[in-house]
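Structure record follows, encoded as structure tokens.
The values are calculated or read from the model by the stated rules, or taken from the named source; none is laboratory data. Since the structure is predicted, the reported quantities are computational estimates derived from the model, not experimental observations. Note that each Cβ is placed from the backbone with ideal geometry, even for glycine, and that neighbours are counted across all protein chains shown.
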Amino acid sequence: MTVSFDFTGKAVLVTGGTSGIGLAIADGFRRAGADVTVSGSKASAGDYPDDLSGFAYRGADLRDAAAADALAASFDRLDVLVNNAGMTYRAAEALVPENFETVIDVNLNAVYRLCQRLRPLLAADRGSIVNIASMTSYFGSPRVPGYGASKAAVLQLTKSLAALYAGDGIRVNAIAPGWIETKLTVPVREDEAINRPIMERTPMGRWGQPEEMAGTALFLASGDAAGFVTGVTIPVDGGYSAI
């Protein structure tokens, strides 16, 4: 990706920025000059297979509200918050009520908690929040109802916080990735019965790459390029949601 935005000196937090879409977005901000912190559930950056040496690292299991609070408290300034951390369960485990609650805790409750805890710092710098929604924000997800419910709520939360935080000078937007090649989507890509109709519905006829989310994140976080943009969710999906 060719960087067209300058975030030199800006402080950025990308939750779940240790792999996939989160890592790609974190790398986009790093290449644009930002000081980027990524969070993950493991104890140290060295516990991940990808090279995270270009980022500061914070360990935070976002299933735990206290851990989310501690993550927020570890910052004394912040310009951009990217709420990317997410999880789901598969097959029968996705239908267990306790697992549904866990998915909501990580994908939704932690997002709101971090936004609220970091609101004063973001307001001080007239910063920006970029949430990561999903195609399941728009369409039913019978195989993973907790994930679908959480991501639909993220879309609505984005609108609500955009209105709530506007007076602080904080813009709140979201990206709704389409079908992207990540570790999370390996089971879908390997199941031809699921993968085939996805590709048939996607006008561009392919899976997206994590790096293709970074440009939209940089745009939404840029006060110069998107200074009058708030409360929107942009699908980056190869046309999947257009049909």
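Tabulated data
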read-out	value
Selected residue (criterion: farthest from Ile234 (Cα to Cα)) from residues of the range 86-123 that are among the polar types (S, T, N, Q) and part of a helix (DSSP H, G or I)	Asn99
Selection within the range 92-117 - of a type in the set (Gly, Ala, Ser) and in contact (Cβ under 8 Å) with a residue 24 or more places away in the chain	Ala94, Ala110
Near pairs, Cβ below 8 angstrom, 6+ apart or cross-chain, from the range 165-194 (more than 21 Å from Ala225 (Cα to Cα) and touching a residue at least 24 places away in the same chain (Cβ under 8 Å)) to any residue that is assigned to a loop (DSSP other than H, G, I, E, B) and of a type in the set (D, E, K, R)	Gly178/Asp237; Trp179/Asp237; Pro187/Arg90
Count - residues of the range 27-55 that are within 20 Å of Ala110 (Cα to Cα) and of a type in the set (A, V, I, L, M, F, W, C)	3
Every pair of residues 6+ apart whose Cβ atoms lie under 7 Å, when the first sits in the range 56-72 and is over 24 Å from Phe29 (Cβ atoms) while the second is surrounded by 16 or more Cβ atoms within 10 Å (Cβ to Cβ) and of a type in the set (A, V, I, L, M)	Arg63/Val106
The range 172-190, subset surrounded by 12 or more Cβ atoms within 10 Å (Cβ to Cβ) and among the charged types (D, E, K, R), residue farthest from Asn107 (Cα to Cα)	Arg189
Pairs, first modelled with pLDDT under 95 in the range 1-20, second assigned to a loop (DSSP other than H, G, I, E, B) and surrounded by 15 or more Cβ atoms within 10 Å (Cβ to Cβ), C-beta under 6 Å, six or more apart	Val3/Ala32
Top-ranked residue in the range 197-225 [being of a type in the set (Gly, Ala, Ser) and free of Cβ contacts under 8 Å to residues at least 60 places away in the same chain; ranked as surrounded by the fewest Cβ atoms within 10 Å (Cβ to Cβ)]	Gly205
Filtered residues of the range 125-135 (kept if surrounded by fewer than 19 Cβ atoms within 10 Å (Cβ to Cβ) and either touching a helix residue (DSSP H, G or I) at 6+ places or on another chain (Cβ under 9 Å) or β-branched (Val, Ile, Thr) (or both))	Arg126
Selected residue [at pLDDT below 95 and under 18 Å from Lys183 (Cβ atoms)] from Ala91, Ala85	Ala91
Residue check for Ser137: small (Gly, Ala, Ser), farther than 17 Å from Asp61 by Cβ and touching a residue at least 40 places away in the same chain (Cβ under 8 Å)	yes
